[in-house]
Amino acid sequence: MKIAILGFGTVGEGVYKILTESKDLYQSRFGQSIEIEKILVHNVAKKRDIKEANQIITDNFEEILQDPNIELIVEVTSSKNQAIEYIRKSLMAGKHVVSANKAAIAVDFKELQKIAIQQNVHFKFEASVAGGIPVLSSLGRLIAFNDISLLHGIINSSTNYVLTEICKGRDETEVIAEARELGILEANPTDDIAGFDARRKLAILAMMILQIEISEQSIPSFGITQVDSRDSEILNKLGYEIKLIAELLNGEKSGLKEKQIALSVFPTALNNSKFNRVNGMMNEVTFNGSYCGELRFYGAGGSMYPTANAIVSDIYETITNKPLYFPVKENQYENISDQIESSFYIRIPDSLMVNEDLNNEIIEMAEKILLAKKEVIIFSKPISNQKAVELFERGLHVIRLNNKIK
Ligand SMILES: NC(=O)c1ccc[n+]([C@@H]2O[C@H](COP(=O)([O-])OP(=O)(O)OC[C@H]3O[C@@H](n4cnc5c(N)ncnc54)[C@H](OP(=O)(O)O)[C@@H]3O)[C@@H](O)[C@H]2O)c1
């Protein structure tokens, strides 16, 4: 099969290396080959480490689109709007698409599924959620006959790295600076730190599982911008560890009513949970299905080879299997993501301590007051996700408390 790779950065180069290094093995095992015909980049003049690739590099997408020999497109650019166009046009042209681009997929999931079904081509995106872990392909097979009632995940590696280091007692500013230097966080780390990346991955998972349209923005969430070493110190002493947890609850087995769903992404203080051993750049996703029971998926959440391996696995499945689709249907659920209630750790930072009205308001919410003089720190009575987001937006340190997530 002849393919093209759109994007030749970390992931694109990884795909190139795996496909060229494993060429003979693949040929001897399966009697066929995967040939890279073209590579699309933004800047053709850029110096590349892989010199042999220079002969097939182009910045002309139409050249790839119009080539009838290219049957499959690997979309691994860092663009969002243009990537949507690349994926859409490739599917429309009857080419299979494998992508890692969560930003593009989360925005246009419904439409892209529709086009793939119409054109009877594969549209696969394993690498877009939890990098190297085969979560989506497993879910894709299981949802045909399993009702997924519960999903929890640590699905952002950079924030997990930062939280792991803060938990060791290190200062958050120092950890974030180090993470930037190591390339774990991008120069502009907002997408990760503010929880946007985890939220869009949860939207993709939820659209696959529930087969309804879910916008990223509709998921109550905040990231770890207001979690610091002081919060970690207090919660650690009480036996908790803080993790950024994406959650999907669905129906009675998850504690809601039938046909009710609730999604969220919050920093969460976990007590006695298996997620507490998921440290550094690792990810874990766990879900409960009606017949498969609880399944846990643990592995590298990103970086060159784990992500490229997920892409190459998708290419292999495209060649060997029938397409699997996730058509978005009419909504039959009551989405109570904003209203669902739970207890939160709430701390008023020093900068807001002078505000007496705020102090009283927070103390009134307390189920348990941890400190009330120099600092106000409480465990709240159950409050709604919407209220938690509002308190976060007012500058408070807000961390969900959860003793149930195993
Ligand atoms: N890195 C990971 O661990 C990881 C994990 C999971 C998913 N992903 C996703 O995989 C995708 C690629 O990530 P990456 O880390 O490989 O990014 P990257 O290293 O920044 O590389 C991006 C590549 O895309 C090209 N590009 C950017 N805009 C383009 C456009 N409009 N048209 C054509 N090419 C364009 C760039 O061209 P130039 O080389 O000319 O600049 C570059 O080769 C992203 O969607 C990312 O979210 C990455």
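No value in this document is a laboratory result; all are computed from the given coordinates. Since we're looking at a predicted model, the values are computed, not measured. Here Cβ is always computed from backbone atoms with ideal geometry, including for glycine, and neighbour counts include all displayed protein chains.
With a ≥ b ≥ c the root eigenvalues of the C-alpha gyration tensor of the stretch 52-205, is it rounded (a/c under 1.5), prolate (a/b larger than b/c) or oblate? Here the stretch 52-205 falls in the oblate category.
What relative contact order, as a whole-number percentage, does the stretch 2-124 give when Cα pairs under 8 Å and 6 or more residues apart are counted? Spell out each step's value before the answer.
Details: 177 pairs, mean separation 31.3, N = 123.
Averaging sequence separation for qualifying contacts and normalising by length gives 25 percent for the stretch 2-124.
Quick one: Cα convex hull volume of the chain, Å³ per residue? Could you put the intermediate results ahead of the total?
Details: hull volume 58.5 nm³, N = 406.
Normalising the Cα hull of the chain by residue number yields 144 Å³.
I need the per residue convex hull volume for the stretch 164-205, using only the alpha carbons, in cubic angstrom as a whole number. Please report the intermediate quantities before stating the final value.
Details: hull volume 3.4 nm³, N = 42.
Output value, Cα hull per residue: 81 Å³.
The stretch 1-51 and the stretch 178-222 have Cα centres spaced 28 Å apart.
I need the trypsin sites (Lys or Arg not before Pro) found in the stretch 154-262, filtered to DSSP loop residues with at most 10 other beta carbons within 10 Å of theirs. Write out the running numbers ahead of the final one.
On the way: sites: LYS168, ARG170, ARG180, ARG199, ARG200, LYS201, ARG230, LYS237, LYS243, LYS253, LYS257, LYS259; in loops: LYS168, ARG170, LYS257, LYS259.
For trypsin sites (Lys or Arg not before Pro) across the stretch 154-262 that sit outside H, G, I, E and B with at most 10 neighbouring Cβ atoms in 10 Å, the list reads LYS257.
Candidates SER138, PHE266, ILE70 compared by Cα position along the dipole of the chain: farthest toward the positive end lies SER138, with charges placed on Cβ. Provide, for q = 0.11, 0.12 Å⁻¹, the log10 of I(q)/I(0) from a solvent-free Debye sum over equal Cα point scatterers in the stretch 263-406. Treating every Cα as an identical point scatterer, log10 I(q)/I(0) equals -0.65, -0.74.
Beta bridges from DSSP with both residues in the chain: antiparallel share about 65 percent, rounded to the nearest 5. Distance between the modelled labels on ASN331 and LYS373, one decimal in nanometres: 5.0 nm (7 Å Cα→Cβ projection). Legend: residue pairs LYS47/LYS89; LYS253/LYS406; LYS243/LYS406; LYS2/LYS38, Cα-Cα distance threshold 21 Å; pairs beyond threshold, LYS47/LYS89.
Placing unit charges on C-beta atoms (Lys and Arg positive, Asp and Glu negative, everything else neutral), compute the dipole magnitude of the stretch 300-406 about its Cα centre in debye, rounded to 20. Walk me through the numbers before you get to the answer.
Working: 12 positive and 15 negative charges, 96 e Å.
That gives the stretch 300-406 a dipole magnitude of about 460 debye.
Taking the Cα centre of the stretch 2-124 as origin and assigning +1 to Lys and Arg Cβ atoms and -1 to Asp and Glu Cβ atoms, the resulting dipole is close to 320 debye.
Among HIS96, HIS42, the ranking by other beta carbons within 10 Å of each residue's beta carbon, starting with the fewest, stands as HIS42, HIS96. Using θ = phi - 60° in the Karplus curve 6.51 cos²θ - 1.76 cosθ + 1.60, the 3J(HN,Hα) couplings for the stretch 42-52 round to 7, 10, 5, 7, 4, 6, 10, 5, 8, 5, 4 Hz; x is entered for Gly and Pro.
For the stretch 138-254, taking the reciprocal of the average inverse distance between every pair of different Cα atoms yields a Kirkwood hydrodynamic radius of 15.6 Å.
Given a Förster distance of 45 angstrom, what is the FRET efficiency for LYS114 paired with THR173, based on the Cβ-Cβ distance and rounded to 0.05? It comes out at approximately 0.50.
Here is the size of the stretch 2-124 from its Cα atoms: Rg then Dmax, 14.2, 40 Å. The residues packed around GLU172, meaning those with a beta-carbon under 11 Å from its beta-carbon, carry a net charge of -4 if Lys and Arg are +1 and Asp and Glu are -1. Of the listed pairs LYS102/LYS322; LYS80/LYS259; LYS110/LYS168; LYS17/LYS124; LYS274/LYS373, which have alpha-carbon separations greater than 31 Å here? Exceeds cut-off: LYS80/LYS259; LYS110/LYS168; LYS274/LYS373.
For the stretch 59-193, with only Lys/Arg (+1) and Asp/Glu (-1) charged at the beta-carbon, what is the dipole magnitude about the Cα centre, in debye rounded to 20?
On the way: 12 positive and 20 negative charges, 130 e Å.
The calculation lands at about 620 debye.
Test of understanding: what is the full-extension gain from HIS42 to LYS17, defined as 0.36 nm times their sequence separation minus their Cα-Cα distance?
Working: separation 25, 0.36 × 25 = 9.00 nm, distance 1.98 nm.
Full extension from HIS42 to LYS17 adds 7.0 nm.
Considering only alpha-carbon pairs that sit under 8 angstrom and 6 or more positions apart, the relative contact order computed for the stretch 158-258 is 31 percent. Sorting MET208, MET92, MET365 by the number of Cβ atoms found within 10 Å of their own Cβ, with the fewest placed first, yields MET92, MET365, MET208. Put in line by how crowded their Cβ is, counting other Cβ atoms within 10 Å and starting with the fewest, PHE297, PHE222, PHE287 read PHE297, PHE222, PHE287. The mean sequence separation of alpha-carbon pairs under 8 Å and at least six residues apart, normalised by the residue count of the chain, gives a relative contact order of 18 percent.
Between the exposed loop cleavage positions of the chain, defined as GluC sites (Glu not before Pro) in a non-H, G, I, E, B DSSP state with at most 10 neighbouring beta-carbon atoms within 10 angstrom, the longest gap is 1-257. Selection among ILE209, GLN386, VAL129 by position relative to the dipole of the chain gives ILE209 as farthest towards the positive end (Cβ unit charges, Cα centre).
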